[in-house]
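Read the structure below first, then the notes.
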Amino acid sequence: MVHVTAGYRWIAGLLLACMFAATAHAGAHYDRYVLGDPAAKTPGRVQPGLLLMGGGDRNFDALRWFMQRAGNGHIVVLRASQAGEIGEEFYNDVGGIASVETFVFKDREASSDRAILRSLARADGIFIGGGDQSRYVRYWRGTPVAKALDAHVHAGKPLGGTSAGLAMLGEYLYGAMDGGSQISPRALADPLGPENTIEADFLHLERLKGIVTDTHFSERNRLGRLVAFVAKAESIAGHPLLGLGVDEDAAVAVDGDGTARVYATAPGAGATVVKGGFVAQAEDKPMQQARIDTIGVGTASLLHLPEGRVDKPMFERRYAVRDGILVSMGSPMLVIHGGAGVERKEMTAADETAARSALEAALRAGHAELEAGKPAVEAVTAAIRVLEDAPQFNAGRGAVFNHDGRNELDSSIMDGASGKAGAVAGVHRVKNPILLARTVMDKSRHVMMVGDGAEAFAKEQGITLVDPKYFRTEKRWEQLQKALRDEKAGVALLDIGRNYFGTVGALALDAEGHLAAGTSTGGMTNKRYGRVGDSPIIGAGTWADERCAVSGTGWGEFYIRDAAAHEICARVRLSGESIARAAREVINGEIPKAGGDGGAIVLGSDGSFAFPFNTEGMYRGWIGADGEPHVAIYAQDALRGDEH
């Protein structure tokens, strides 16, 4: 009898477990998934709130805030693609809720389904998942579901969304009605154009009135497109609006009184407020806007919605849009490198100290030019000149020797504002090759000069020439002797990529939002036959345009074949990739795929920058408006902008 009773209890327990396990319903117009007990009593007090998630995963602190706002009761998830995965995460991983019910819409007909509307009416919290926001517009606008969402918020219950689900919550929204996903360059190229599909009259949330939202913000380089969205929405609204972009690793939790805080899963993640009130834009023309103010909302900030005021902002930045190009204004930036391929085993503590000191000196020299209001090319020239004078780097004073025991120096510079460039290769007596490259750019009809002819031009222009002995350092001479011994012994040096490393470079963004790039090198130890690498070749080792600037360092033959510097900036211009992603894809993707390696520095007109490299170390550093230099050598030395 005891065994029978135990058996009945086991069966009853199994049945009960099945009741509270996930159940699914597949219908003609929607699918339904349930976890937990929808009939259970709501444990806590339901309170108003909005959760604006940037599209990333595992932001459990933000989700627990949302569940608490929902009284840890019954959550309804709305989607128009995929299945019940979000509900499973909410119930199993976040936990602490009575039930979660997911509806996946297949068409507009489902928006009038009585079962869905009943679930929405009794939900303690509603969450809109990611996916294709155009489906949400098509399926829900003007339907009972849209009315139910408004009623839910007006009843003092919380509403949340992530990715496309957040993009739907503002008074004006990007609907992606053409089936694509707009990128910043295209959006700014024609802000009033048909690709910026701004929709209105969808939801009517008091705390997001007058606001256009965007997601995956910094990760997908979306500041430019949000600016364009605000411009088009203002042309529809007829009055100033705000933009609110939320980073992928962040969520904005808005209380009922409109005060909002950020939950972040990565350092520096947050949200950006874009203040509108733009001048009227012209049809079929690139955007023009003299000033755009943005405010960063971090974990220590307090955001007030819908007015957009921020207490303790993470940053305050000013931009402009010129001919459809977003540029940072009044925030000069300088980034430098002293070459990739650094190996810890070849460095002493004294070497490291000297290298760091030289990097800091170069940053300060370039920054002084920017602080004086001078253009970006002046800062690049000043910084590289310091690096060329430092024997720690393979450029100028510290140049390596070729097979014949001579120094052959290469350099290039490019002005992104004008598109002008200058370069020299194979010079032996020019103390600072960057000055000669600059003179070629400014005082000749040419772009590149080589060898004796370049030195004749240098003499005519008063560029300092020195005895070749100036370039001799014992460290570089011993490197040549070792290379010659190895060559005699049959060691295939040309198969060792690190023998190609050693370059210096600088990129600058001036106070007017203009970019410049420069690179200088002594080439490779034991090189022959007048070999020239990528450093003096515009588009390979150096590039600057109105959006992007690059200086490379690595196995030059591969950088030349891939036109690496230009390729990075082309991805930014044509594909709308962020500086970080474009740099990473080329330097850590395309170059190694072809058999090369190395690094680069990349700087955008919006002030973003990256240090991609795939070697043990790369001398690198940056300095911003505060004048404080930041430098690093090895991959383990964490530095803002690192990509490795």
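The values are calculated or read from the model by the stated rules, or taken from the named source; none is laboratory data. None of these values were measured; they are calculated from a predicted model. Glycine gets a Cβ as well: all are built from the backbone with ideal geometry, and neighbour counts include every protein chain shown. Accessible surface areas use protein heavy atoms only, side chains included; no ligands, DNA or RNA. Shrake-Rupley method; radii C 1.70, N 1.55, O 1.52, S 1.80 Å.
A few points about this structure:
- Rounded if a/c under 1.5, otherwise prolate or oblate - the stretch 345-422, Cα gyration tensor axes: oblate
- Alpha-carbon centroids, the stretch 512-564 and the stretch 335-407: separation in whole Å: 15
- Centre separation in Å (Cα based) which lies between the stretch 424-456 and the stretch 595-633: 26
- Under-5 Å amide H pairs with Glu408, H placed in peptide plane, nonlocal only: Asn402
- Evaluating 6.51 cos²θ - 1.76 cosθ + 1.60 at θ = phi - 60° for every residue in the stretch 105-115, the Karplus couplings come out as 6, 9, 6, 6, 4, 5, 6, 10, 5, 5, 5 Hz, glycine and proline recorded as x.
- Peptides 339-350, 385-396, 147-158 ranked from most to least packed by the mean count of surrounding Cβ atoms within 10 Å: 385-396, 147-158, 339-350.
- Panel note: the C-alpha atoms of the stretch 26-329, placed on their principal axes, show extents of 57, 41, 28 Å (largest first).
- For Phe315, the residues 5 or more places off, or on other chains, whose built amide H falls under 5 Å of its own are Gly296.
- Angle in degrees between helix 451-460 and the longest Cα principal axis of the chain, rounded to the nearest 10: 80
- The listed residues Glu585, Glu283, Glu101, once ranked by accessible area (1.4 Å probe) with the largest placed first, stand as Glu283, Glu585, Glu101.
- Mean Cβ neighbour count within 10 Å, used as a protection proxy, ranking 302-312, 594-604, 188-198 highest first: 594-604, 188-198, 302-312
- Residue-wise HN-Hα coupling along the stretch 255-260, computed from phi with Karplus coefficients 6.51, -1.76, 1.60 (Hz; x: Gly, Pro): 6, x, 8, x, 6, 9
- Non-local Lys pairs in the stretch 333-634, i.e. 8 or more apart or on different chains, that have alpha carbons under 27 Å apart: 29
- Helix axis angle, 349-371 relative to the chain longest principal axis, alpha carbon, degrees: 80
- Fraction of beta bridges assigned by DSSP in the chain that are antiparallel (%, nearest 5): 75
- Counting lysine pairs in the stretch 26-329 whose alpha carbons fall under 18 angstrom apart, excluding pairs fewer than 8 residues apart on the same chain, gives 9.
- For Ile128, residues with placed amide H under 5 Å, excluding near neighbours: Leu78, Gly160, Gly161, Thr162
- Rounded is the label for the stretch 333-634, because the ratio a/c of its alpha-carbon gyration tensor axes (a ≥ b ≥ c) stays below 1.5.
- Angle between the chain longest axis and helix 433-443 axis [Cα atoms, degrees, rounded to 10]: 80
- The figure for Asp284 is an accessible area of roughly 120 square angstrom, using a 1.4 Å probe on the protein chains alone.
- Extent along the principal axes, Cα only, for the stretch 22-160: 34, 32, 29 Å, with the longest axis given first.
- For the stretch 239-314 versus the stretch 169-211, the spacing of their alpha-carbon centroids is 15 Å.
- The chain: C-alpha pair distances exceeding 49 Å, %: 27
- Heavy-atom surface of the stretch 333-634, accessible at 1.4 Å and reported per residue (Å²): 37
- Rounded to the nearest 10 Å², the accessible area of Asp562 at probe 1.4 Å: 50
- Heavy-atom accessible area with a 1.4 Å probe sorts Leu35, Leu484, largest first, into Leu484, Leu35.
- The solvent-accessible area of Asp257, taken with every protein chain present and a 1.4 Å probe, is close to 100 Å².
- Label point at Ser112 placed 7 Å out along Cα→Cβ; residues across the stretch 144-159 whose backbone nitrogen lies under 11 Å: 144
- Burial ranking of peptide ranges 213-220, 549-556 (average Cβ count within 10 Å, highest at the top): 549-556, 213-220
- Cα-based shape type of the stretch 559-644, given that a ≥ b ≥ c are square roots of the gyration tensor eigenvalues and the cut on a/c is 1.5: oblate
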